[in-house]
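The values are calculated or read from the model by the stated rules, or taken from the named source; none is laboratory data. Predicted model, so just to flag it, every value in this text is computed and none were measured. Every residue, glycine as well, gets a Cβ built from its backbone with ideal geometry; the counts of neighbours run over all protein chains shown. Side chains included, ligands, DNA and RNA excluded: accessible areas come from the protein's heavy atoms. Shrake-Rupley method; radii C 1.70, N 1.55, O 1.52, S 1.80 Å.
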Amino acid sequence: MAEQSRKSGSINPEKPKDMVPIYIMGKRYFVPKTLTIMKAIEYAGYQLKRGAGCRAGFCGACGTVYRTPDSYKIKVGLACQTVVEPEMYIAQLPFYPAVKKTYNIEEMEPTAEAVLGIYPEVARCVACNTCTKVCPQELEVMDYIQETLHGNLDKVADLSFDCVMCGLCVSRCPAEIQHPFVAILVRRLYNHHLVPRSQQLAKRVKEVEEGKYDAEIKWLKSLPLEKLKKLYSTRPREGDPGVELKDNKIDWNDEVKFDYSGTNR
Amino acid sequence: MELREHPLYSPEMIESIKKVEATRPRRAEEARRGYRFEKMSLEEADKLLHQFHPDYIMEQKRELRVGPSKGELLNHEVADIFEAHSRLAKKLDEFSEFIKEPEITTDVLVIGGGGAGNAAALMASEHGADVVIATKLRLGDANTMMAQGGIQAAVTPVDSPAIHYLDVMGGGHFKNDPDLVEALVKDAPFVIQWLERLGVMFDKDPDGTMWVQHGGGTSRMRMHSCRDYSGAGIMRVLRDEVRNRPDKIREIEFSPAVELILNERGECIGAVLFNIETEEYHVVYAKAVVLATGGFGRLHIQGFPTTNHYGATGDGLVLGYRAGVPIRYLGAVQYHPTGAIFPEQIVGLLITEKVRGSGADVLNVDGEKFVFPLEPRDVEAAAIIRECAPVEKGGRGKGVRTPTGNYGVWLDAPLIDLLYGEGTIERKLPAMVRMYRRFGIDMTKEPILVYPTLHYQNGGLRIKPDGSTNVPGLYAGGEVTGGVHGTNRLMGNSLLDVVVYGRRSGTSAALYAKEQFRDFGKPTLQHIYEYEKELAEIGVPEDKISPVILPNYVPEHVRKKQLTSYYQGNLY
């Protein structure tokens, strides 16, 4: 009689064509079988305030846990990226308590000790791998927590990069670790302290500050529209066959050409 | 899995995929030899746009009848939000009393929690201001978080801010505000450096040199990226840094601003916030206000699906406009050439331009190229619409039909691995690969089907290069503003825009608060009274209300039974 008791939760027990029953926090609704969980919740009549953000898998607002009758296992997904399954029992987890600590990236050392100073609970990891199993982005969450302990910040940065900070790992961790916060701290530390800065970028910033390109831009702004268009439509495109660029001068059109004679370039 | 057994594809799609596979070796050979499909001339592009770009369909537009930019030609959906009542309209006298007692008083109020808002908050606090940042959903729920491809800055030896300037102007059809463009391209290298120092994880060589590649309409490779999570890579860091300063920056989530407050001198001195969970209104006084509310994709202009986040309903446009800030180029809407059109669950979602930038061909039903893959976005989108449009409507009828009756063209992603080695797609486009895998498609092996999708608000509120508007004390930055991109933004210039103009508006607001602000004076909603008078003259129905705040996706059959509840927005 399990099937019947499940149906008793629904106002409309008939199964319409191409529709599947789902249970939104225990209450049964029929929804088109092609919908994502998020669209199914809306189809049922909810107007979401929590639990919807980018609707495209980038923001982590719609972490969702569910079970299906065939198994005791907890399943997870982003509601905007997961298609409904018949008889699924779903609950959105749009928020899970986690407290971001404050810190000054510049003053911190890029070490495991420094990270543990901010988030000491990382040391409590029991390597159960539950965080990895629950990650809707399929990241190796436990691995990056372990690499944090070992001080391999480069590996942490790489392994955690695709994290959308949905917090499902936080909800399941027996050691009460706040993984996404650890990850963003490590990525910032790593990139600020350990990754070499772009020299090319630093050089260009200095050039701009010194006004190296001001005269050219002023000249471009002063050009009549027809000349500007001519310059635009004849500009060589880097990488095209036959295009060999030796510098960054605007000198490709003999009719419309910047006069570099008075500049230091 | 063999394609013919694939549960998703229709037989005609499988036929077409076979043609794509058949032409792939030849196309790979052509790519290796440097051959590419010829770029369009300005004249050809112009003709194509007039025939096939949605902006040029005049029945879809009307002249705006109220406010400082009366007469502006806008899509109906956009005109609707301007020709709508204030949420405060029915109780305007009560609200006029209510706003006399502020709940919060601060130096700078930033409205909007995306890339521009967070950058503004950081810069305002750097300049000594106390900041409140109010946002509709969560901090970081914004289009910035979703940007995939990258951020432009001219840093290589063969590139310069002047060449960047030229690309931006051409991409925007030379309608851009030259002063805004100048600030954009000159700040660009500096803001990349600022982000680098904040700890953003850019794609780099071991020696620190940034990877750069092309985007549509660029003449030099200047697209900087963080895999295909470029926006998220930046947004997560900005948000983290904002939250590192709780003593200086106070965040208020789930509380969009619904109206600005002016004083008797016409200066902006705060806003009315609306807590969407408890439905309370809160009055915030600020010496200066920054509008950073983003764009309007969720208005679903001309019925298009959108890549935009849930809250992108153009609220700041309405607030600023009612306060007297003119708009420009708001009739120009960007349709991203490549939105997913199959499978059904992801229709409208963004397929980053980086896929084409990395070498994927754009192909019709016969597996043949029909357009240079990196035209400026409006041109690329129009070319895809033309390829799919039926012959009797002037199109070419070469689209691929999906099982649900949509049409699209192929983006041949597997070509990337063929050209640059196996694993390239996984490495450069992990978000894309992951999304398709979730829906049963392996884009490293199979082409993906795309069609233009509503992506970006090219125009917006008129600002000056310092982020100021014509209303003293009111600043704006990012997608809510118009002018910097002319009538068509290039890829990678929106992330740049939000950081450059977020920073500029935040800095200017803090300086204004410190140096020019006199006192709050007499807070008033007089501008709303006057706007309502204009609305009365054209006869706007009572239930047309804006800002919209959130779209309503509850289906009709449910709504008609929700007899005593109503949704206060004009998308009803």
### Task
Run the quick spin-label model on B:His557 and A:Asp214: label points 7 Å from Cα toward the beta carbon, then report their separation in nm to one decimal.
6.8 nm
### Neighbouring partner chain Cβ atoms per residue of A:41-52, average, 10 Å criterion
5
### Carbon and sulfur %, accessible surface of chain B computed with the full protein complex present, 1.4 Å
50 percent
### Qualifying lysines (Cα of each under 26 Å from Cα of A:Lys227; at least 8 residues distant if same chain)
A:Lys212, A:Lys218, A:Lys246, A:Lys249, A:Lys257, B:Lys39, B:Lys47, B:Lys175, B:Lys186, B:Lys464
## Note on the structure
Taking every C-alpha to C-alpha distance in the protein assembly as shown and binning by 20 Å from 0, the per-bin percentages run 15, 49, 32, 3, 0
### Query
When the Cα atoms of the stretch A:105-194 are enclosed in a convex hull and the volume is divided per residue, what value in Å³ results?
75 Å³
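Excluding B:Gly367 itself, calculate the net charge of residues whose Cβ lies under 12 Å from the Cβ of B:Gly367, where each Lys or Arg counts +1 and each Asp or Glu counts -1. Working shown, then result.
Numbers: positive: B:Lys18, B:Lys19, B:Arg24, B:Arg26, B:Arg27, B:Lys369, B:Lys398; negative: B:Glu15, B:Glu21, B:Asp361, B:Asp366, B:Glu368, B:Asp412.
Overall, the nearby charge balance is +1.
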### Summary
Projected area averaged over all directions for the convex hull of the alpha carbon atoms of chain A, nm², comes out at 23.5 nm²
### Task
Within the stretch A:36-122, report the GluC sites (Glu not before Pro) that DSSP leaves as loop and that have at most 12 other Cβ atoms within 10 Å.
A:Glu106, A:Glu107
### Message
7 Å from Cα along Cα→Cβ at both A:Glu85 and B:Arg245: what's the point-to-point distance in nm?
### Response
4.6 nm
### Query
Once both labels are modelled 7 Å past Cα along the beta-carbon direction, what's the B:Lys175-B:Glu21 spacing in nm?
4.5 nm
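Going by the alpha-carbon gyration tensor, a ≥ b ≥ c the square roots of its eigenvalues, is the stretch A:199-265 rounded (a/c under 1.5) or, if a/c is not under 1.5, prolate (a/b greater than b/c) versus oblate? Each step should come with its number before you reach the end.
Numbers: a/c = 2.00, a/b = 1.20, b/c = 1.67.
Since a/c reaches 1.5 but b/c is at least a/b, the shape of the stretch A:199-265 is classed as oblate.
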## Note on the structure
Percent antiparallel among DSSP beta bridges confined to the stretch B:97-255, rounded to 5, stands at 30 percent
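Tell me, in nm to one decimal, what length is gained between B:Lys544 and B:Glu12 on full extension, where the rule is 0.36 nm per residue of separation less the Cα-Cα distance?
On the way: separation 532, 0.36 × 532 = 191.52 nm, distance 4.48 nm.
Full extension from B:Lys544 to B:Glu12 adds 187.0 nm.
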### Query
What's the angle, to the nearest 10 degrees (0 to 90), between helix B:377-388's Cα axis and the longest principal axis of chain B?
50 degrees
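Can you give the average number of partner chain beta-carbon atoms within 10 Å of each beta-carbon in peptide B:173-181, as a whole number?
Numbers: counts 1, 4, 0, 0, 0, 6, 1, 0, 3.
Mean inter-chain Cβ contacts per residue within 10 Å come to 2.
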### Task
May I ask what percent, to the nearest 5, of DSSP beta bridges between residues of chain B are antiparallel?
60 percent
### Query
Taking amide H positions as placed 1.01 Å from N in the peptide plane, with prolines and chain starts having none, which residues 5 or more places from B:Glu353, or on another chain, fall under 5 Å of its amide H?
B:Gly149
### Task
Beyond 23 Å between alpha-carbons counts as too far, so tell me which of A:Lys101/B:Lys354; A:Lys39/B:Lys18; A:Lys27/A:Lys49 fall in that bin.
A:Lys101/B:Lys354; A:Lys39/B:Lys18
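Just to be sure I understand: of the beta bridges DSSP finds with both ends in the protein assembly as shown, what percent are antiparallel, rounded to 5?
Working: 53 of 79 bridges.
Percent antiparallel among DSSP bridges in the protein assembly as shown is about 65.
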### Query
For the charge dipole of chain B, defined by +1 on Lys and Arg C-beta atoms and -1 on Asp and Glu C-beta atoms about the Cα centroid, which residue among B:His282, B:Thr424, B:Ala382 has the Cα displaced farthest towards the positive pole?
B:Thr424
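Rounded to the nearest 100 Å², what is the buried accessible area between B and A, both sides summed, probe 1.4 Å? Please report the intermediate quantities before stating the final value.
Values: alone 22690 and 16790 Å², together 31560 Å².
It comes to approximately 7900 Å² buried between B and A.
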### chain B - Rg and Dmax from Cα coordinates, angstrom
23.7, 73
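If you keep only loop residues by DSSP, which GluC sites (Glu not before Pro) in the stretch B:15-52 have at most 10 other Cβ atoms within 10 Å of their Cβ?
Details: sites: B:Glu15, B:Glu21, B:Glu29, B:Glu30, B:Glu38, B:Glu43, B:Glu44; in loops: B:Glu38.
When the GluC sites (Glu not before Pro) of the stretch B:15-52 are filtered for loop state and at most 10 Cβ neighbours within 10 Å, B:Glu38 remain.
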#### Entry: Most to least packed among A:246-259, A:192-205 [average Cβ atoms within 10 Å]
A:192-205, A:246-259
### Query
At what distance in angstrom do the alpha carbon centres of the stretch A:228-255 and the stretch B:259-307 lie from each other?
44 Å
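Go through B:191-199, B:385-393, B:335-343 and give me the packing order, highest mean Cβ count within 10 Å leading.
Values: B:191-199: 20.4, B:385-393: 16.2, B:335-343: 26.7.
Highest mean packing first, the order is B:335-343, B:191-199, B:385-393.
How large is the charge dipole for the stretch A:199-265, taken about the Cα centre, if only the Cβ atoms of Lys, Arg (+1) and Asp, Glu (-1) carry charge, to the nearest 20 debye? Walk me through the intermediate numbers first.
Working: 15 positive and 14 negative charges, 32 e Å.
Computed about the Cα centre, the dipole is about 160 debye.
Packing-wise, with mean Cβ within 10 Å as the measure, how do B:552-560, A:78-86 rank, highest first? Intermediate results must be reported in sequence, preceding the final value.
Values: B:552-560: 12.8, A:78-86: 22.0.
Ranked by mean Cβ neighbours within 10 Å, highest first: A:78-86, B:552-560.
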